[in-house]
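These notes are about the structure you will find just below.
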Amino acid sequence: MSDVWDSANSAQVAPKTYFGQIFTDGFYCVLQKGVGKVVFDPQQHSEDRKLSCIKIDGNCSRADGSTYTINRELIAEFRDWAGIVLPSLKVCGVHPRDLNGKWANWEMAETGRTWIDRTSGETKKASTFKFLEIYPDEAACREAEKAHYSRPTPEVEEESVSETHPMPDDTQASNDAQRGVAEKFLPALWKSAAGDVTRFGDLIAGNPLTSKFFDLTSPEVAEIVAGETA
């Protein structure tokens, strides 16, 4: 016989699941000093700096019929895409070029990075798309949605459309010292990566201090990469 207290002791929050239509776009880019991502120009940029930027929009519906969009912009050569999004697409049997316009079921999987919420000042966990199912059309998606929630449409909390926010003024001072220490680690991590940008991103994400403030799209990080690869 099951024991409610044993169940309570092992209970976990189920990940939120989303149903909707996916739209994608992609272009080649480079990480430019002091700017971040800019469109790759073969007349200005060397081929070894070229990276693949992938945009994903997931359009969802609320129970009241209104809609909202979850969106992410990722570098394909970095972990968020290569380690989470792409493997989930392969499990679903979908090539990335065929994802645009598809109806899907997905979760927002944690990436291991954090960011500071601009409004509340709270530390938030970064997330990205992890696809669970791809459907042949909207009708199949809606039927799966109904079966999952046992009601016409789910009530879900809207995801932030952006993961990178400046810290509010009232928390800036308390974070400056820690951020300054974290920034000093970046050159050493770049050296450990031996010029491998993907490895650099993994090292930043794997360090509890640097991952709190930086990723490969951060201007400070882009400056180091651009300075070494120029």
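Where a number appears in this text, it was derived from the coordinates with a stated rule and is not lab data. The structure presented is a predicted model; accordingly, all values stated were derived computationally and were not measured. All Cβ positions, glycine included, derive from the backbone under ideal geometry; neighbour counts span all protein chains shown.
Computed extension length for ASN71-ASN59: 3.5 nm, one decimal, from 0.36 nm per residue of separation with the Cα-Cα distance subtracted. Each part gets one Cα centre, and for the stretch 197-227 versus the stretch 96-154 those centres are 26 Å apart.
Computed from backbone phi with θ = phi - 60° and the Karplus coefficients 6.51, -1.76 and 1.60, the 3J(HN,Hα) list for the stretch 89-103 is 5, 5, 4, 7, x, 10, 6, x, 5, 9, 6, 4, x, 6, 9 Hz; x is used for glycine and proline. Is the stretch 1-128 best put as rounded, prolate or oblate by its Cα gyration tensor, with a ≥ b ≥ c the root eigenvalues, rounded for a/c under 1.5, and otherwise prolate when a/b is larger than b/c, oblate when not? Verdict is prolate for the stretch 1-128.
The angle between the Cα long axis of helix 169-193 and the longest principal axis of the Cα atoms of the chain comes to about 70 degrees, rounded to the nearest 10. Annotation: cysteines of the chain without a disulfide-compatible partner (Cβ-Cβ under 4.7 angstrom) are CYS60, CYS92, CYS141. Across the stretch 21-38, coupling constants 3J(HN,Hα) worked out from phi with the 6.51/-1.76/1.60 Karplus curve, θ = phi - 60°, read 9, 9, 10, 10, 8, x, 7, 7, 9, 9, 8, 9, 3, x, 10, x, 7, 9 Hz, and Gly and Pro carry x. Among the listed pairs LYS33/LYS90; LYS125/LYS184; LYS102/LYS130; LYS125/LYS146; LYS16/LYS212, those whose Cα-Cα separation exceeds 26 Å are LYS33/LYS90; LYS125/LYS146.
Rounded to 0.05, the FRET efficiency of the GLU133 and LYS50 pair, given R0 = 30 Å and the Cβ-Cβ distance, is 0.35.
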